[in-house]
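**Student:** Attaching a single structure in structure tokens format; questions to follow.
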């Protein structure tokens, strides 16, 4: 009977040890699952925030209209549509020439070169085109601090 009691005790000890090892394995498995779940949630939230930031940027772009500062039609249309306006510089027009409306020499030269003509006020020009005999033109150029191109 003592052998039998010893056998039962050993069997109980063995079963308890196996149960403890199994319980420890189960605990580690649950911990790993919880850790993996937390990592996935954190990654999903970061991705969600990135997506939201991208959406905000796209929405802002869609709600903004780019207009050249002198394009009154574009500015008016954007205002009517309730959109924000970003003012941009006009692209340099290399295929155009700035001429005063009364400067027929400039107009003819632009036509001969196949360039577009942009009619401007004299004050907008960097260089005034003057005849040597045109004292008024030379005086205006000097007063405005402009360069002078002699046309004759």
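The values are calculated or read from the model by the stated rules, or taken from the named source; none is laboratory data. Note that the structure is a prediction, hence the values are computed from the model and not measured. Please note: Cβ atoms are built from the backbone with ideal geometry, for glycine as well, and neighbour counts cover all protein chains shown.
Okay, residues lined up against (1) in contact with a helix residue (DSSP H, G or I) (Cβ under 8 Å, 6 or more places away or on another chain); (2) at pLDDT 80 or above; (3) in a loop (DSSP other than H, G, I, E, B); (4) surrounded by fewer than 10 Cβ atoms within 10 Å (Cβ to Cβ):
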{"site": "11", "(1), (2), (3), (4)": "no, no, no, no"}
{"site": "23", "(1), (2), (3), (4)": "no, no, no, no"}
{"site": "43", "(1), (2), (3), (4)": "no, yes, no, no"}
{"site": "65", "(1), (2), (3), (4)": "yes, no, no, no"}
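**Student:** Of the residues in the stretch 94-121, how many are in a loop (DSSP other than H, G, I, E, B) and touching a residue at least 24 places away in the same chain (Cβ under 8 Å)?
**Tutor:** 2
**Student:** Looking at the stretch 125-152 only, could you name the residues that are exposed (fewer than 11 other Cβ atoms within 10 Å of the Cβ) and either out of contact with any strand residue (DSSP E or B) (no Cβ under 7 Å at 6 or more places or on another chain) or within 10 Å of residue 103 (Cβ to Cβ) (or both)?
**Tutor:** 133, 135, 136, 143, 145, 152
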